[in-house]
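Report on the following structure.
None of the figures in this text is laboratory data; all of them are computed from the coordinates on show. These figures come from a predicted structure and were not determined experimentally. Quick reminder, even Gly has a Cβ in these numbers, built from the backbone with ideal geometry, and neighbours come from all protein chains shown.
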Amino acid sequence: MGRSGLIEILREFIATPSHSHDTADFEELVASKVGEINDVRFMPVQGIGRNVVSRVVHDDSLPTVIISGHMDTVPVCEGWTREPLQATVEGDLMYGLGSADMKSGLALAVRVFRTLADLGTVNATFLGTVDEEGDCTGAFTFLDKEPEADLAILAEPTNAMVMMGCRGRLVYDILVRGRSAHGARPDRGVNAIDEACRFTLALQDLDFAEHDILGRGSACVLSMEGGTDTLSVPETCRMKLDRHYVPGETPEGITSQLLGLAGGLDSRAAFDIGLDPPSSAARSRPSSCTAAR
């Protein structure tokens, strides 16, 4: 498979939507491409979709190499200046949803898998995973079910840098409970949206821990919803908060930090702060799907 063949596969990949948790058609497409090289099987990932797996074993004494990439992308957002589901080539650049993260890497993984299968110098496993843009459920499902390999290579876009690990992740579901009143008399109520905004602004002043490899922790409000269309002071507001953290921090400590932040607002609203599982741990020895040893 030369450069032109690789580009054509990438065009097909980009033209087939694979938003996270809606990847069935793309799973079939990837399986068809890998199936031209070797037998393919689907690995169910409960409630999410299916991993695509193919294994070539030349000799049990040979090392096993996994060539992997994720099949899902984020949804189409606003601001595109080109058709996101149509690969557009301009010079040395290709535009399209997932062209960088990571359908180009996945197309290359198919090519590398073919090369390793033909060479016979290692046992090779192709792994296309689902839910990387979510909680990496596809990768964890594979790790729980498959034997260990000697080496795994992920074709993620890293600017040619070897990634030594990644931060842990916690997702919080935060319910702010105020008190309703007539919209013409907001002083008689407690506006839950206003109080949620105060909490959001206070997040910016948090002192996040730092790690010499992984950098700083972070917090990002992913969504906020509250109020009704009627003329009433919003009684509740629900937020989804993403909290990335580094080794040295703990989920318990972070939860305590958020509770303290809410308590320090001197708010008349109540804050119910709970974890929205699953979460990903940050270890003292950073690890991820791509590692250098």
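Can you tally the net charge around residue 19? Count Lys and Arg as +1, Asp and Glu as -1, for every other residue whose Cβ sits under 10 Å from the Cβ of residue 19.
Overall, the nearby charge balance is -3.
For the stretch 3-49, state which GluC sites (Glu not before Pro) are in a DSSP loop and have at most 16 other beta carbons lying within 10 Å of their beta carbon.
Those satisfying the criteria are 36.
Pick out, in residue order, every one of the GluC sites (Glu not before Pro) in the stretch 102-204 that is DSSP loop and has at most 12 other C-beta atoms within 10 Å; say none if there are none.
148
Could you give the nm distance between label points at residue 121 and residue 252, where each point is 7 Å from its Cα heading toward the beta carbon?
So the label points at residue 121 and residue 252 sit 5.0 nm apart.
In what sequence do 95, 172, 245 fall when counting other Cβ within 10 Å, fewest first?
95, 172, 245
What's the angle, to the nearest 10 degrees (0 to 90), between helix 3-15's Cα axis and the longest principal axis of the chain?
40 degrees
Provide 166, 77 in ascending order of the number of other Cβ atoms located within 10 Å of each residue's Cβ, fewest first.
Final ranking by Cβ density, sparse to dense: 77, 166.
Out of residues 5 or more away from residue 216 or on other chains, whose amide H comes under 5 Å of its own, with H placed 1.01 Å from N in the peptide plane?
Under 5 Å from the amide H of residue 216: 211.
Give me a comma-separated list of calculated 3J(HN,Hα) values for the stretch 228-237, in order, Karplus coefficients 6.51, -1.76, 1.60 applied at θ = phi - 60°, integers in Hz, x for any Gly or Pro.
So the J values, rounded to whole Hz, are 10, 7, 7, 8, 9, 5, x, 7, 9, 8.
Work out the charge dipole of the chain with +1 on the Cβ of Lys and Arg and -1 on the Cβ of Asp and Glu about the Cα centre, then indicate which of 211, 128, 263 is farthest towards its positive end.
Comparing the listed Cα positions along the dipole, 263 ranks first.
Relative to the longest principal Cα axis of the chain, at what angle does helix 251-263 sit, 0 to 90 degrees, rounded to 10?
Result, in degrees: 30.
Can you sort 16, 228, 23 from fewest to most other Cβ atoms within 10 Å of each residue's own Cβ?
By the 10 Å Cβ count, ascending, the order reads 228, 16, 23.
Extension gain residue 197-residue 164, at 0.36 nm per residue separation less the Cα-Cα distance, in nm?
So the chain would gain 8.3 nm between residue 197 and residue 164.
Specify the angular offset, from 0 to 90 degrees and rounded to the nearest 10, of the alpha carbon long axis of helix 24-35 from the longest principal axis of the alpha carbons in the chain.
Long axis of 24-35 versus the principal axis of the chain: about 20 degrees.
Where the only charges are on Cβ atoms (+1 Lys, Arg; -1 Asp, Glu), what is the dipole of the chain about its Cα centre, to the nearest 20 debye?
That gives a dipole near 300 debye.
Whole angstrom only: what separates the Cα centroid of the stretch 8-57 from the Cα centroid of the stretch 130-169?
16 Å
Using the Karplus curve 6.51 cos²θ - 1.76 cosθ + 1.60 with θ = phi - 60°, what ³J(HN,Hα) values do you get for each residue of the stretch 127-142, in whole Hz, with x for Gly and Pro?
So the J values, rounded to whole Hz, are 9, x, 10, 10, 6, 5, 6, x, 10, 6, 4, x, 5, 5, 4, 4.
What number, rounded to the nearest 500 deg cm²/dmol, is the helix-based mean residue ellipticity at 222 nm of the chain, given -39500 (n - 2.57) per DSSP H run of at least four residues and division by all its residues?
Helices in the chain give a 222 nm mean residue ellipticity of -8000 deg cm²/dmol.
Assuming R0 = 45 Å, what is the FRET efficiency of residue 230 and residue 151, from their Cβ-Cβ distance, to the nearest 0.05?
The pair residue 230/residue 151 has a calculated efficiency of 0.15.
Using +1 at the Cβ of each Lys and Arg and -1 at the Cβ of each Asp and Glu in the chain, identify which of 201, 164, 30 lies farthest towards the dipole's positive end.
Result: 201.
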